[in-house]
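Read-outs: derived from the displayed coordinates by stated rules, not from any lab. Since this is a predicted model, take the numbers as computed values, not measurements. Reconstructed Cβ throughout: ideal geometry from the backbone, glycine too, with neighbour counts over all protein chains shown.
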There are 2 protein chains.
Amino acid sequence: MISNVSFAGGAMAPFNRRKDGSSFRDWARAAVQGALDDANLEVSDIDALVVASESDFFTMQLNPAALLADECGLVGVAAKRVEGGGASGHLAVHAGVAEVASGMARRVLVLGVEPSASHLKGTDVGALYGLSFDAWTDGMTGIDSTSLYALSAQAFMARTGATVADFARIAVRNRAHACANANAHLPLDISLDEVTASPVVASPYRRLDCSPLSDGAAAIILARTSDLPARPQGRARFRAAVSAVDTVRLGERSDPGFFAGKQRAAQRAYAAAGVTAADIGMAEVYDSYSGAQLQSLEALGLANGQTIAAEREDVFSAQGAVPVNLSGGLLGQGAPVGATGVAQVLSAALQLEGRYFGQQVANAPRFALVDTHGGIATLNAVSILEAP
Amino acid sequence: MISNVSFAGGAMAPFNRRKDGSSFRDWARAAVQGALDDANLEVSDIDALVVASESDFFTMQLNPAALLADECGLVGVAAKRVEGGGASGHLAVHAGVAEVASGMARRVLVLGVEPSASHLKGTDVGALYGLSFDAWTDGMTGIDSTSLYALSAQAFMARTGATVADFARIAVRNRAHACANANAHLPLDISLDEVTASPVVASPYRRLDCSPLSDGAAAIILARTSDLPARPQGRARFRAAVSAVDTVRLGERSDPGFFAGKQRAAQRAYAAAGVTAADIGMAEVYDSYSGAQLQSLEALGLANGQTIAAEREDVFSAQGAVPVNLSGGLLGQGAPVGATGVAQVLSAALQLEGRYFGQQVANAPRFALVDTHGGIATLNAVSILEAP
């Protein structure tokens, strides 16, 4: 029963570009210590570690789960690394949920970490990301992540009437949310005009529509409530933890602008949690690009089929019915790939417990949704958490 | 309860060096189809996929779980990749066990695959394997896997009196076992003298003491018995699925020749299964090098502290009390890293069910142990399976 799995605590090492010579080992240690402190636990209380990182090309460390266990003083624990492209961190959380729910572990530390691969040239990073789609087709054409996302967004715009102004509003809003988040990479006070005047990367996307590659780490601890220190105010807990794969090659999808795999994951999550989309009161949504947030919201069904109208009516703003990405999202908080999903779950859990370190939602809702994907919504992870 | 998790079926794509232009995608599809056939299930019966592969440097494909789901006709399933160096495949099995035991999935396909990185020069492969220890220390010294294993073996020999003749006996025996295994990479009929006369790689290890890098894939399906077709003869099932991390850097271990992390994993596994080492009737043991098999047997405690004597008295041979590596092990069956642990579990389960495709143990025991590690027994995975 995954509803037995509680959020025990968590922390981030800030998302940004480190200039201080520190490495992902340092950020991992900081996030782990922060998570232990937040959970009021000791290293010796942890019996399993799940590490998320996206690629050996970025970390230049094979078998990082063993290395990071050792670095974090966790010699002796069970360990593994989980990877699923952009969804790596979220899928690692799911693996941790499974270990606790199955009884295979009592207190699982989920640690997401990624260096921004600053040892590589930008063009090399682009080529490597090409390998995260179909390495034989997409990867070999030289097409990059932004171009594939742009193709998908163009199809989405043609079908739904979404505009670059809608995308720009999201780019501005998520950066504004990030201004309250001391861990955020891009806490920017920018205007719509600044977004739509920034350089084109791949139309419709301009530079300010794109999330950054960040350095950083995030860690959370999962356990049954009975295996945790007493906490009178209760704990956020899991109600659904599901994933679903879509066709890898964009051209083989019946609508390259619709995130069908994400819709499937969301529907499965609502069923598993015994809720409907209307029960979701806030969400952390995968906004690798501004338009991808809107495409994701459509697939998640959070506005009863009226996604574009809801976006324009500020339903997804901090004061709206379903605040989205109060953390700043990938656009504002930043994106160290392996850490992203872990940080999203951390933000949602802390919001539900009313103790978020950034912009706390005014009236914490009962249910929060967390959405992450790898590829162009190819491997989709969705969790639903419930307030204490 | 992991004792609810049954082995539903499985298959391998042969381990060898492909010269036919096929890729890991082809081997994966073959193993998956074989597993479905063996389990009498259809693609549509599978709701989750766990992929194991060791490194993007070998597959040149990021997010392989999504890609392989698509390749294998599994669009729509939950998916993730699990990695833990040499233990990747076994840890993926553990992730699958957790998903079934937690109720998060009904029928999980665990697919291990690895290409032998024949696109890389041998020296580059050696350097990459250096990154699977501590990339900053071991990895940068140029020391390779064989040298680290050799250092550990030297310490083991000094403490226990094990000799190169003991190692050679294992190198010969595992290759002999492989001769009955049509999926094996190195089914060799060799003599002790041939082993001890083969070229030195890193003393005490000679070429024939070393396991190969293979191409190949292996797939198994896990589920609760109630979610599977009726099978009057019953099914092998899991009784323990645990892992434990040791200190990464060999020089920081109190005895670099003793696999303390593996001992910890084994003791935890015996406790979880409610058995003792004396209850184990056969084992698939991680023999990346001939001496590592003996070191592993010592740590697993399968001969009541008399490992060397037991080895010399043929306790671990096909006719002995605890047959070890009837598949041929890594030395004989071969080692496509991500597939290794999956194939080990497959072999043990089929042996317990009395239907192994190679050398079937004469009297199938009640309990079989599977042992796999990454690093120099740094990340240790142990499973205990029970006969139907």
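When A:Phe367, B:Phe7, B:Phe57 are ordered from fewest to most other Cβ atoms inside 10 Å of their Cβ, what list results? Could the numbers behind the result be given before it?
Values: A:Phe367 23, B:Phe7 27, B:Phe57 20.
In order of increasing Cβ crowding within 10 Å: B:Phe57, A:Phe367, B:Phe7.
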How big is chain B by the Kirkwood estimate over distinct Cα pairs, in Å? 20.3 Å
How many angstrom lie between the C-alpha centres of the range A:315-339 and the range A:87-164? 17 Å
Projecting each Cα onto the charge dipole of the range A:1-113 (Lys/Arg +1, Asp/Glu -1 at the beta carbon, about the Cα centre), which of A:Ala95, A:Leu41, A:Ser23 comes out farthest on the positive side? A:Ser23
If N is the residue count of the range A:249-367, its Cα Rg over 2.2 N^0.38 Å rounds to 1.05
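Nearest 20 debye, what's the magnitude of the dipole of the protein assembly as shown about its Cα centre given +1 on Lys and Arg Cβ and -1 on Asp and Glu Cβ? Don't skip to the answer; put the middle values down first.
On the way: 58 positive and 76 negative charges, 174 e Å.
Magnitude of the dipole: close to 840 debye.
How high is the relative contact order of chain B? Use alpha-carbon pairs under 8 Å, at least six apart in sequence, and give a whole percent. Each step should come with its number before you reach the end.
Working: 963 pairs, mean separation 100.2, N = 388.
Normalised by residue count, the contact order of chain B is 26 percent.
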In order through the range A:133-146: 3J(HN,Hα) via Karplus (6.51 cos²θ - 1.76 cosθ + 1.60), integer Hz, x for Gly, Pro: 9, 8, 4, 7, 10, 3, x, 8, 7, x, 5, 10, 4, 4
Under 5 Å, built H, 5+ apart or other chain: amide partners of A:Ala335: A:Ser214
The range A:213-228 - phi-based ³J(HN,Hα) in whole Hz, Karplus 6.51/-1.76/1.60, Gly and Pro as x: 8, 10, 8, x, 8, 8, 9, 9, 10, 10, 6, 5, 4, 5, 9, 10
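Report the net charge of residues surrounding A:Gly320, where surrounding means a beta-carbon distance below 15 angstrom and charges are Lys +1, Arg +1, Asp -1, Glu -1. Kindly include the intermediate steps, with their values, before the conclusion.
Working: positive: A:Arg169, A:Arg173, A:Arg312; negative: A:Asp166, A:Glu284, A:Glu311, A:Glu313, A:Asp314.
Net charge around A:Gly320: -2.
Can you give the charge dipole size of the range B:237-388 about its Cα centre, rounded to the nearest 20 debye, using +1 on the beta carbon of Lys and Arg and -1 on the beta carbon of Asp and Glu?
Values: 10 positive and 13 negative charges, 71 e Å.
The calculation lands at about 340 debye.
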The answer for B:Ala8, listing residues at least 5 apart or on another chain whose modeled amide H is closer than 5 Å to its amide H, is B:Ile221, B:Leu222, B:Ala223
Considering only B:Val275, B:Val324, B:Gln295, whose Cα is most displaced toward the positive end of the charge dipole of the range B:273-362, charges sitting on Cβ of Lys, Arg (+1) and Asp, Glu (-1)? B:Val324
Most fluctuating of A:Val43, A:Val195, A:Val51 in the GNM of chain A (C-alpha, under 10 Å) is A:Val43
Would you kindly work out, in nm and rounded to one decimal, the distances from the label point of B:Ala230 to those of the same position in each other copy, ordered shortest first, with label points 7 Å along Cα-to-Cβ? 5.3
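Compute the signed sum of charges (Lys and Arg +1, Asp and Glu -1) over the other residues within less than 11 Å, Cβ to Cβ, of B:Asp45.
Working: positive: B:Arg106, B:Arg107; negative: B:Glu42, B:Asp47, B:Asp227.
Neighbour charge sum, excluding B:Asp45 itself: -1.
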Put a point 7 Å out from Cα along the line to Cβ at B:Ala362; what are the distances to that point in the other copies, in nm, shortest first? 8.0
homo-copy label distances at A:Glu252 (7 angstrom along Cα-Cβ), nm, one dp, ascending, are 4.4
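Can you give me the relative contact order of the range A:199-331 as a percent, contacts being Cα pairs under 8 Å and 6 or more apart? Let's see the in-between values first.
Values: 128 pairs, mean separation 33.5, N = 133.
Value for the range A:199-331: 25 percent.
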Could you pull out the GluC sites (Glu not before Pro) across the range B:1-108 that fall in loop regions by DSSP (anything but H, G, I, E, B) with no more than 11 other Cβ atoms inside 10 Å? B:Glu42
Tell me, what ³J(HN,Hα) does each residue in the range B:261-275 have, in order and in whole Hz, if you take phi through Karplus 6.51 cos²θ - 1.76 cosθ + 1.60 with θ = phi - 60° and put x for Gly and Pro? x, 5, 4, 5, 4, 5, 4, 5, 5, 4, 5, 5, 7, x, 10
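Counting other Cβ atoms within 10 Å of each Cβ, which trypsin sites (Lys or Arg not before Pro) in the range B:26-128 have at most 16 and sit in a DSSP loop? The partial results should precede the final answer.
Numbers: sites: B:Arg29, B:Lys80, B:Arg81, B:Arg106, B:Arg107, B:Lys121; in loops: B:Arg106, B:Lys121.
Listed in order of number, the matching sites are B:Lys121.
List the GluC sites (Glu not before Pro) within the range B:292-380 that DSSP assigns to loop and that have no more than 13 neighbouring Cβ atoms inside 10 Å. Show your work: numbers first, answer last.
Working: sites: B:Glu298, B:Glu311, B:Glu313, B:Glu353; in loops: B:Glu313, B:Glu353.
For GluC sites (Glu not before Pro) across the range B:292-380 that sit outside H, G, I, E and B with at most 13 neighbouring Cβ atoms in 10 Å, the list reads B:Glu313.
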